[in-house]
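The values are calculated or read from the model by the stated rules, or taken from the named source; none is laboratory data. Quick caveat, the model's predicted, so the values are computed rather than measured. Every residue, glycine among them, receives a Cβ derived from its backbone with ideal geometry; neighbour counts consider all protein chains shown. These accessible areas exclude ligands, DNA and RNA; they are computed on the full protein's heavy atoms, side chains included. Shrake-Rupley method; radii C 1.70, N 1.55, O 1.52, S 1.80 Å.
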Amino acid sequence: MSTIIATLGTDRARRLRASLTVLLAAAVAVGAPFYFAPFQVFQLTMVLLYAVALAGLNLLVGFGGQISLGHGAFFAAGAYTAAVMLDRYDTGHLATLPAAAAGCFLLGLGFGVPALRLRGLYLALVTLSFAVFLPPLLKRLEPVTGGSMGLTVDKLQPPAWSGLAEDQWMYFVVLAVTAVALLLARNLLRSRAGRALLAARDNESAAEVMGVRLSLHKTLAFAWSAMFAGVAGCLYTWVIGFVSPDSFSFVLSITLLAGLVVGGLASLYGPLLGAAFVMYVPSVSQDLSEAAPGVVFGLLIIAVMFVAPTGLAGLPGRVLAAVARRPTRTTAALDRTPEAESVAEVESEPEGEPVAEREPAPEAEPAPDTEPKTQATSDPSAPHTAADPAVVDAEPVGAPPRTEKE
């Protein structure tokens, strides 16, 4: 009973800490655009929309156990869906969001079917090929996509009643969409489909024996992942107001995957940390070396992976574990002293029983004499006989000296 009460208390404390963390993060996020410059607010907005894309990629790679190097293509599909609807059909901004999500969901569903027979490097190459051939295809479809020149659309303008600047309004809109996307990803993982996806990732054979349809859940993982990327692409069009094929090269796909690994695979907070890495590290690399920013970017990735192999999301846990192990090692070193060992031996005896006395070490047997012992030497009280010439002249110890008469 006490164990159950302790468990309930631990769960309540954990939920309370999680609620306080969410409230604190929400307060900081809401107040951020009022304390930063417009360009910094723009950077925070880009971090949020990249977090949506990485949340979808995390469903596929982190929780699904599959790999994708073509996530930038789904990102581009969502961005061009919104741009074409705004430029060619003059629709509202809010109408483009569900259209981009639905279109990319169907695209991921169709792409996931042939990918069922592939895994590992083969699947990575197939997804990479999708990211490689999409930009040239967009250039060929000039009547729709604008070709190499791209499309320029109007940004989302703030309403008059809000009293906010354009960058602040865009920040809050993207923040709301990001919060909904992360909440949807969390609930999806806790649902039956999410548990089946985790089971398939850990052991496909065992999951199939338990009744999990691997083909269905793997295809849905691609579909959900593509949908999140499409939503992020739509938000990109709202924020930037311009799309072109060169903005969505295969480098974007590799950068997104690297950001997810750096942020932390299979972690709910990993996409946010990875998005910050994707947004800020390239600019830092450009400032450090204008000649070779890619080299600096790669070295920074290696350094982060060396310090935090499980990603930035797992770094606090590693630090706390290292701090918790350090006093234990110190105490173990002190316990190796002779005094501590003797005390430990006494305390190790069970209560109520006497401590066993140590038996003395057996004495070494004397070495045998090479000369034969006489009877007087071995037993002084034994009678002396004349037959033994060795004892005729023997005198007892302490006797007076003999005279000549004797």
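Set Lys and Arg Cβ to +1 and Asp and Glu Cβ to -1, take the dipole of the stretch 183-244 about its Cα centre, and tell me which of SER191, SER244, THR219 lies farthest positive. Highest projection toward the positive end goes to SER191. HIS217 exposes around 40 Å² of accessible area when a 1.4 Å probe is run over every protein chain in place. What you get for the stretch 102-183, charging only the Cβ of Lys and Arg (+1) and of Asp and Glu (-1), is a dipole of about 480 debye around the Cα centre. Is the shape of the stretch 71-209 best called rounded, prolate or oblate, per the rule: a/c under 1.5 gives rounded, else a/b larger than b/c gives prolate, else oblate, with a ≥ b ≥ c the square roots of the Cα gyration tensor eigenvalues? Oblate shape, in that a/c is at least 1.5 and b/c is the bigger or equal ratio.
Under the shape rule built on the C-alpha gyration tensor, where the axes satisfy a ≥ b ≥ c, the stretch 17-100 is oblate, since a/c reaches at least 1.5 while a/b does not exceed b/c. Rounded, prolate or oblate: which one fits the stretch 211-286, using the alpha carbon gyration tensor with axes a ≥ b ≥ c (rounded when a/c is under 1.5, else prolate when a/b beats b/c, else oblate)? Oblate. Most tightly packed first, judged by the mean number of other beta-carbon atoms within 10 Å of their residues, the peptides 124-132, 264-272 read 264-272, 124-132. Averaged per residue, the stretch 72-166 has 56 square angstrom of accessible surface, using a 1.4 angstrom probe with ligands and nucleic acids left out. Applying 1/(1 + (r/R0)^6) with r as the Cβ-Cβ distance of GLN286 and ALA321 and R0 = 35 angstrom yields a FRET efficiency of 0.45.
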